[in-house]
Amino acid sequence: MSAAYLGSSFDIHGGGMDLVFPHHENEIAQSCAACRDSHVSYWLHNGFVTVDSEKMSKSLGNFFTIRQVIDLYHPLALRLFLLGAHYRSPINYSDVQLESASERIFYIFQVLQVAFPSSSWPSLVCILPFDNSFVLRNIKIILLFDFTKFN
């Protein structure tokens, strides 16, 4: 199914932790049978966003859309909240957590206004361009130590 869009192999395949077994292991078996090799180089399995320690899901009715959340909180506060946990670890969604992230973003904005008083507000919203040269130089090492590699 994915070969029609991505070719016979691709670098990264992702999904929730609950898909490791049997879903992704079955995909590996099927692709090896069809293509004589696994079609994926790296598997990325994320932790869940939870509400009161229960997986956030449509079926449970305990979910919020991104639009609903950013109507209440600054998008950077949501990003900061989500970056507060390792991508494979669960993170518990709560108003308290989002309020805390909002306060931290507001503090960052205040510090930037003091540090760069002549800068206009729109440039502060962008904060500063991220220097990703370290990440680019070390991406293979970072990926090798973190992604699940089945084969």
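The values are calculated or read from the model by the stated rules, or taken from the named source; none is laboratory data. Nothing here was measured: the structure is a model prediction, and the numbers come from that model. Positions of Cβ are generated from backbone atoms using ideal geometry, with glycine treated the same way; all protein chains shown enter the neighbour counts.
The table below lists the values:
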quantity	calculated
From SER94, SER89, residue being within 17 Å of the chain's Cα centre (by Cα), outside the structural domain of GLY15 (by the TED database) and among the hydroxyl-bearing types (Ser, Thr, Tyr)	SER89
Close pairs from the stretch 19-35: first not assigned by the TED database to the domain that holds LYS55, partner aromatic (Phe, Trp, Tyr), Cβ under 7 Å, at least 6 apart	HIS24/TRP43; ILE28/PHE150
Inter-residue pairs, beta-carbon under 6 Å, first over 18 Å from GLN68 (Cβ atoms) and in the stretch 86-114, second assigned to a loop (DSSP other than H, G, I, E, B), 6+ apart	ARG88/GLY47; SER89/GLY47; PRO90/GLY47; PRO90/PHE48; ILE105/HIS74
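A quick yes/no check of all residues on (1) touching a helix residue (DSSP H, G or I) at 6+ places or on another chain (Cβ under 6 Å); (2) at positive phi:
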residue: ARG36; (1), (2): no, yes
residue: SER41; (1), (2): no, no
residue: ASN46; (1), (2): no, no
residue: GLU54; (1), (2): no, no
residue: ASN62; (1), (2): no, no
residue: VAL69; (1), (2): yes, no
residue: LEU80; (1), (2): yes, no
residue: ASN92; (1), (2): no, no
